[in-house]
Amino acid sequence: DTAVSQTPKYLVTQMGNDKSIKCEQNLGHDTMYWYKQDSKKFLKIMFSYNNKELIINETVPNRFSPKSPDKAHLNLHINSLELGDSAVYFCASSSAYEQYFGPGTRLTVT
Amino acid sequence: AQSVTQLDSHVSVSEGTPVLLRCNYSSSYSPSLFWYVQHPNKGLQLLLKYTSAATLVKGINGFEAEFKKSETSFHLTKPSAHMSDAAEYFCVVGVGGDSWGKLQFGAGTQVVVTP
């Protein structure tokens with residue numbers, strides 16, 4: 001049973017395209033996150049939702065738009081993809097003291 | 001502001017020898033601190049956490065870390081390295097003191113284990 005799942009695992013696309021990454025958690029958590037890991041392995045939070053409400057929105061280009069249809073799902077839509085968007089994107093969900101991470105989506109923009 | 005500094009970007013150890021990964025933190029109040037591990041092409045797994053209880057924290061796979069307020073450190077240790085310990089390790093501070101808030105990640109330490 002996968003606790004936090006993401007689709008797709010790999011995504012290769014061209015500059016200018018629009019793409020979405022989906023995340024689902026079956027842990028019953030209220031809070032979910034998107035993180036970006038760059039080529040140097042540095043991890044930075046992008047967004048956080050608590051019970052479908054946006055609570056953390058870091059300095060992220062507005063081409064990135066998270067959407068939470070229910071508290072078990074947090075999707076990330078990216079418009080007009082740029083080369084610099086190439087990274088691994090991790091979804092996570094949390095209980096009171098721990099964050100559980102998904103396996104990541106490796107996005108490559110060509 | 002909260003932050004963590006991992007003092008070594010790369011650590012190489014021989015199998016069976018001790019592992020020490022160093023982390024210093026900066027926090028304006030009592031922090032929540034974590035160590036996560038990321039194996040190649042995998043997601044992140046929580047090794048252990050400190051949330052103002054016991055200062056010596058035991059985690060999974062034989063790892064432990066000691067919270068030292070006087071030194072603002074939270075170093076990760078393991079008495080005997082195993083080949084499967086080769087991975088990237090992240091020291092993390094919880095911003096706001098709760099893990100459901102924002103996590104601030106260190107830059108990571110890559111651990112290489114040689115036979």
Inset, instruction - Would you point out the residue of segment A:54-71, among those that are within 14 Å of chain B (Cβ to nearest Cβ) and open to solvent by 40 Å² or more (accessible area, probe 1.4 Å), that is farthest from A:Leu11 (Cα to Cα)? - result: A:Ile55
Inset, instruction - Scan A:Leu27, A:Leu11 and give me the residue that is within 14 Å of chain B (Cβ to nearest Cβ), of a type outside the set (D, E, K, R) and out of contact with any helix residue (DSSP H, G or I) (no Cβ under 8 Å at 6 or more places or on another chain). - result: A:Leu27
Inset, instruction - Output the residue which, of all residues in segment B:26-44 that are of a type in the set (S, T, N, Q) and out of contact with any Lys or Arg (no Cβ under 9 Å at 6 or more places or on another chain), is most open to solvent (accessible area, probe 1.4 Å). - result: B:Ser28
Inset, instruction - Hey, could you check segment B:67-108 for residues that are surrounded by fewer than 22 Cβ atoms within 10 Å (Cβ to Cβ), in a strand (DSSP E or B) and at pLDDT 90 or above and say which is nearest to the other protein chains (Cβ to nearest Cβ)? - result: B:Glu88
Inset, instruction - Scan segment A:72-88 and give yes if some residue there is over 24 Å from B:Ser3 (Cα atoms), within 14 Å of chain B (Cβ to nearest Cβ) and not aliphatic (A, V, I, L, M), otherwise no. - result: no
Inset, instruction - Give segment A:1-37 a look and list any residue that's surrounded by 19 or more Cβ atoms within 10 Å (Cβ to Cβ) and among the aromatic types (Phe, Trp, Tyr), or say none. - result: A:Tyr33, A:Trp34, A:Tyr35
Legend entry - segment A:72-103, subset charged (D, E, K, R) and surrounded by 14 or more Cβ atoms within 10 Å (Cβ to Cβ), residue modelled with the highest pLDDT: A:Asp85
Legend entry - Conditions (1) farther than 20 Å from B:Gln104 by Cα; (2) out of contact with any Lys or Arg (no Cβ under 6 Å at 6 or more places or on another chain); (3) away from chain B (no Cβ under 14 Å): number failed by A:Ser5: (3)
Inset, instruction - Output the residue which, of all residues in segment A:39-50 that are over 13 Å from the mean Cα position of the chain (by Cα) and either open to solvent by 90 Å² or more (accessible area, probe 1.4 Å) or in contact (Cβ under 8 Å) with a residue 24 or more places away in the chain (or both), is farthest from the other protein chains (Cβ to nearest Cβ). - result: A:Ser39
Inset, instruction - Just give me the residues in segment A:6-33 being modelled with pLDDT under 95 and assigned to a strand (DSSP E or B), in sequence order. - result: A:Thr31, A:Met32, A:Tyr33
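The values are calculated or read from the model by the stated rules, or taken from the named source; none is laboratory data. The structure presented is a predicted model; accordingly, all values stated were derived computationally and were not measured. Please note: Cβ atoms are built from the backbone with ideal geometry, for glycine as well, and neighbour counts cover all protein chains shown. What goes into the accessible areas is simple: the full protein's heavy atoms, side chains included, and nothing from ligands, DNA or RNA. Shrake-Rupley method; radii C 1.70, N 1.55, O 1.52, S 1.80 Å.
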